[in-house]
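This report refers to the structure that appears directly beneath it.
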Amino acid sequence: MSTALPTHSQIVIIGGGIVGCSTAYHLTKAGFKDVLVLERKELGSGTTFAAAGLLAQLRQNREMSNLAKYALELYSGLGAETGVEPGFVKTGAIGVCQTEDRRREWLRGAAMAKAFGIEMYEITLKEAEDMVPLLNTSDLKAAFYLPGDGQVDPISATHSLVRGAKIGGAAIVENCTVTGIKTKNSVITGVSTDLGDVSCEYLVNCAGMWGRQIGKMTSTSVPLYAAEHLHAITVPIEGLKKHFPTVRDFDGYTYFKEESGGILLGGFEPVANPYGMKGIPEHWKFTELAEDWDQLAIFMECGFERFPILENAQIRHLQVSAESFTPDNAFMVGEVPGVKNLFVGCGMNSVGIASSAGVGRALAQWIAKGSPDEQLWPVDVRRYFPWQQNTRYVHDRVAESVGILYEHHFPNRQRTTARPVICSPLHDRLKDNGACFSMIAGWERADWFAPEGVKPVHKYSWGRPNWFEYQAEEHKAIRHGVGMYDLTSMGKLLVQGRDAEAVLQSLSTNDIAGPIGTSVYTPMVNDKGGFELDVTVTRNGEESYFIVTAAGTTVRDFDYIKRRIPADSICTVTDVTHGYAMLAVMGPKSRDLLSGLTDADLSNEAFPYGTAQEIDIAYARPLALRMSYVGELGWELYIPSNFAVPVFDAIMTEGKKHGLKLVGMQAVNSLRLEKGYRHWESDITPDNTPYEAGLGFGVKLDKGEFVGRKALACQKEVGITKKIVMFTLDGNQEVMLYGNEPIYRNGEFIDTLSSGAYGFEVGCPIGMGYLVNSDGARNHWIKEGSYELMVEGKLYPATLHLRSPYDPKNERTKM
Ligand SMILES: Cc1cc2nc3c(=O)[nH]c(=O)nc-3n(C[C@H](O)[C@H](O)[C@H](O)COP(=O)(O)OP(=O)(O)OC[C@H]3O[C@@H](n4cnc5c(N)ncnc54)[C@H](O)[C@@H]3O)c2cc1C
């Protein structure tokens, strides 16, 4: 397989596992001929050789499912193309449910599958037994069938990809270890290896569980950690059907497939064993670790229940190997922040075979065109923060990450390991007031507040969760009185310098060039007009802008702006997130409350909506922004962190006169959704434009040139083919919407909700989603339709709203 090491290759890929080889294959398909794969030992000798080879299509979101779906397409035809058969078999798969809650989860999963173009439906237990003759279903509540799932032989698939890559011009060098990465001015220039140096223009880190070490070579965050991962194979069993559909029993943590006439059973144990505390040993090559019969016992217990014949079946081979897992159970792809032309494709969380085709293709698109054809935020490496390189953090989290794959995937389910990481300066104050915390981007945030006598713990459910009524009170406090929430986690960026205005004007669709104190909502879009950033830009100095963005997108947004500052501009961007706490005081009584604490004139005339001023509060001078993400009169106070506690105390004391209530993130979400405010990631992504998202007011086509202007001008003229709308389920108060529920128009499936919540003011569930029509998503076509939403397999009539169901004229924030 190997060739001699060249001194230059346009693209170098580190790692000859299935992901690296797929990337090489797809790069050659994208027209790159000068592609080199460097593998420290032999192809597939890292983790790939150990895999069961299952190709499951349905994953936790649309993006990952699309990547997985493509594996079925690629591997079913790859043998004919390359002459090396990948061992593809379309087996189908059956998911079984031991509990009613699990059935509800799978019903929601089936609806998602439909939306993602994956065939999946409920079958009777008798049908499941007919498909898998030795399966015991006597204790089960339900079963679901995915006829399109399949499997490959991982090593054969790797070699098939390599053959295809070689036909396309790629070179492979085995027994060659990359020892260093070379950059100049933060741009990739080459690698050092134990066989010599290779210069290159692009470098792709596909080093599997070694990926974090490779990341350290450029101080970039590749937060993954290996964990032991195992399966056992029995001797042949009489009566077993060859290639029976893979059986997944999430409640028993276990999956089953046929292997050489026996049963292969493996799974995802609730507490896993992290591996490689002293690094992955140098000699690792097709390595199997010591047999761990205790971990296997978890799967065997389920095995005896599901396939009673296992009681008498001998285990032929217990294979324990290691696989890389990540803090959020999703892999990472894309260009690494801070280093130009350095890409990553690793941290596969035990779905690396199923995702290999999609990840390789996406990386090839990214390198060829600057972005993947479909947005991939849930797996984008820019969602990770520099601090996530912390070894103890990834080690501790990974023990939990493995089991999460088969856990109940309740809405708002929180991780319990590796916490706390980041606490706002007000954390203890919130805790003392009964906060139940959730976590995002490492930040502990008050999710909701438990009243006295109630324990602040999450009790998850597909129905109303235990915090429902407390959330309702917080929601109502902001609608009718005054509430305060701590959003210190918001990302805060300072863009400064003589050319700051010009740089931001060139990236923003809105006009951000106002006098000091102007605060503007603006999208920043890509060449196709799709949302890259969704931010508030406040001019806080002649040559200074204060940008507020979401906690989870801070790295991405920082990197996006930094990369686009022209080399000859005098402009810098600085992440000042940790320098400021943020308290939002919102509600019709917020003016009265804050007026008791400041001499500043808070009237509409002196302090209108969309402006900012530094004002006195307690002994501090926070930057007060008259903005709202909850649709009421209010101010966001950006307080230098060390002043935050006294400011909080002062507001709480004054607040007693006004019935101030502390509010958590659950209520903030229901408030923003009721008001129709979009959320980047779910409602708006690089695949939606401001016009499609109903945010055209943030686009000023006549302000001069900016990125994406041409595409947006064209769309404005031609018209849109999808449009965001809102729905309420009037009269169905018990139904819970969380996003991803299918929307039906005149009885036909059209798309899924991008987000959903309960609207406590409107008194029913509310959802937001896109209506798609290739002939044009015009209002009369939208209004002509009759709509239903599917929840857990049942259709509910839905009321359409072209504007938000609450305060559609947008008057409340300007009171
Ligand atoms: C027991 C078990 C069962 C599994 N079952 C499934 C399954 O059914 N379905 C599924 O989708 N996934 C499954 N997986 C997961 C799957 O095997 C992995 O996700 C996948 O193989 C990862 O591929 P990779 O290319 O990212 O990593 P690897 O295969 O580990 O490849 C990375 C390569 O990089 C090389 N490398 C590292 N450092 C350097 C360096 N400095 N220089 C040069 N080369 C370097 C390594 O030698 C290695 O070969 C399973 C895993 C295990 C352990």
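The values are calculated or read from the model by the stated rules, or taken from the named source; none is laboratory data. Being a predicted model, the structure only gives us computed values, none of them experimental. FYI the Cβ positions are ideal-geometry reconstructions off the backbone, even for glycines, and counts take in every protein chain you see. Surface areas here come from the heavy atoms of the whole protein model, side chains and all, with no ligands, DNA or RNA. Shrake-Rupley method; radii C 1.70, N 1.55, O 1.52, S 1.80 Å.
Measuring with a 1.4 Å probe in the full set of protein chains, what accessible area per residue, in whole Å², belongs to the chain? Intermediate values should be presented prior to the final figure.
Working: 30170 Å² over 815 residues.
Here the per-residue accessible area is 37 Å².
Let's test the formula: R0 of 22 Å, r as the Cβ-Cβ distance of Cys714 and Ile516. What FRET efficiency results, to the nearest 0.05?
On the way: r = 35 Å, r/R0 = 1.58.
The calculated FRET efficiency here is 0.05.
Mind checking the dipole of the chain: about its Cα centre, +1 per Lys or Arg Cβ, -1 per Asp or Glu Cβ, Debye to the nearest 20?
Numbers: 80 positive and 97 negative charges, 252 e Å.
My answer is approximately 1200 debye.
Please give me, ordered by residue number, the chymotrypsin sites (Phe, Trp or Tyr not before Pro) of the range 343-443 that lie in loop per DSSP and have at most 14 other Cβ atoms within 10 Å.
Passing both the DSSP loop test and the Cβ count: no residue.
Give the residue list of trypsin sites (Lys or Arg not before Pro) in the range 360-415 that are DSSP loop and have at most 15 other beta-carbon atoms within 10 angstrom.
Values: sites: Arg361, Lys369, Arg382, Arg383, Arg392, Arg397, Arg413, Arg415; in loops: Arg413, Arg415.
Sparse-neighbourhood loop trypsin sites (Lys or Arg not before Pro): Arg413, Arg415.
Could I have the simple spin-label model distance between Glu452 and Val235, label points 7 Å from Cα toward Cβ, reported in nm to one decimal?
6.9
Quick one: which residues, 5 or more positions from His317 or on another chain, have an amide H under 5 Å from its amide H? H modelled 1.01 Å from N in the peptide plane, none for Pro or chain starts.
Result for His317 returns Ile233.
Quickly work out the Asp599-to-Ile782 label distance, labels modelled 7 Å from Cα along the C-beta direction, and quote it in nm with one decimal.
About 4.9 nm separates the two model spin labels.
Could I have the simple spin-label model distance between Glu73 and Asp702, label points 7 Å from Cα toward Cβ, reported in nm to one decimal?
About 4.4 nm, to one decimal.
Per DSSP H run of n ≥ 4, the term is -39500 (n - 2.57); total these for the chain, divide by its residue number, and report the mean residue ellipticity at 222 nm rounded to 500 deg cm²/dmol. Don't skip to the answer; put the middle values down first.
Details: 18 runs with 203 residues, N = 815.
Computed ellipticity for the chain at 222 nm equals -7500 deg cm²/dmol.
Just the number, please: carbon plus sulfur as a percent of the accessible area of the range 314-355, 1.4 Å probe, no ligands or DNA/RNA counted.
Details: 410 of 860 Å².
For the range 314-355, the apolar C and S fraction of the accessible surface comes to 47 percent.
So how much accessible area does Glu201 have, in Å² to the nearest 10, using a 1.4 Å probe?
Rounded to the nearest 10, that gives 80 Å².
How much of the accessible area of the range 60-142, probe 1.4 Å, is carbon plus sulfur, in whole percent? Display every interim value, and only then the final one.
Numbers: 1650 of 3390 Å².
The computed percentage sits at 49.
Scanning the chain for helices, which whole DSSP H stretches are 27 Å or more long along the axis (Cα) and average -0.5 or more by Kyte-Doolittle? Could you put the intermediate results ahead of the total?
On the way: long enough: 62-82 (29 Å, -0.27).
Both cut-offs are met by 62-82.
Which percent of the accessible area of the range 515-637 is formed by carbon and sulfur heavy atoms (probe 1.4 angstrom)? Could the numbers behind the result be given before it?
Details: 2260 of 4440 Å².
Answer for the range 515-637 is 51 percent, counting heavy atoms of protein chains only.
Using 0.36 nm times the number of residues separating Ser260 and Arg392, minus their current alpha carbon distance, what extension gain do you get?
On the way: separation 132, 0.36 × 132 = 47.52 nm, distance 4.03 nm.
Taking 0.36 nm per residue and subtracting the Cα distance, the gain is 43.5 nm.
At 1.4 Å probe size, with no ligands or nucleic acids counted, give the accessible surface of Glu501 in Å², nearest ten.
60
Is there a quick way to get the dipole size of the range 620-679? I mean about its Cα centre, with the Cβ of Lys and Arg at +1 and of Asp and Glu at -1; what is the value in debye to the nearest 20? Please list the in-between numbers first.
Working: 8 positive and 5 negative charges, 20 e Å.
Result for the range 620-679 is approximately 100 debye, rounded to the nearest 20.
With +1 assigned to the C-beta of every Lys and Arg and -1 to the C-beta of every Asp and Glu, and no other charges, what is the dipole magnitude of the range 138-197 about the Cα centre in debye, to the nearest 20? Don't jump to the answer; show the numbers that get you there.
Working: 5 positive and 6 negative charges, 58 e Å.
So the magnitude is around 280 debye.
Pairs Lys90/Lys794; Lys369/Lys528; Lys710/Lys783; Lys184/Lys340: which exceed 19 Å Cα-Cα? Can you show the working numbers first?
Details: Lys90/Lys794 30 Å; Lys369/Lys528 12 Å; Lys710/Lys783 30 Å; Lys184/Lys340 10 Å.
Going by Cα-Cα distance, Lys90/Lys794; Lys710/Lys783 fall outside the 19 Å limit.
For the range 182-267, what does the relative contact order come out to in percent, with C-alpha contacts under 8 Å and a separation of six or more?
So the answer I get is 18 percent.
Which loop-located GluC sites (Glu not before Pro) does the range 503-573 contain, where loop means any DSSP state but H, G, I, E or B and the Cβ has at most 11 other Cβ atoms within 10 Å?
Values: sites: Glu532, Glu542, Glu543; in loops: Glu542, Glu543.
Filter output for the range 503-573: Glu542.
Residues of the range 446-482 with backbone nitrogen within less than 13 Å of a virtual label 7 Å along the Cα-to-Cβ line of His408, please, listed as ranges.
Inside the label zone: 458-466.
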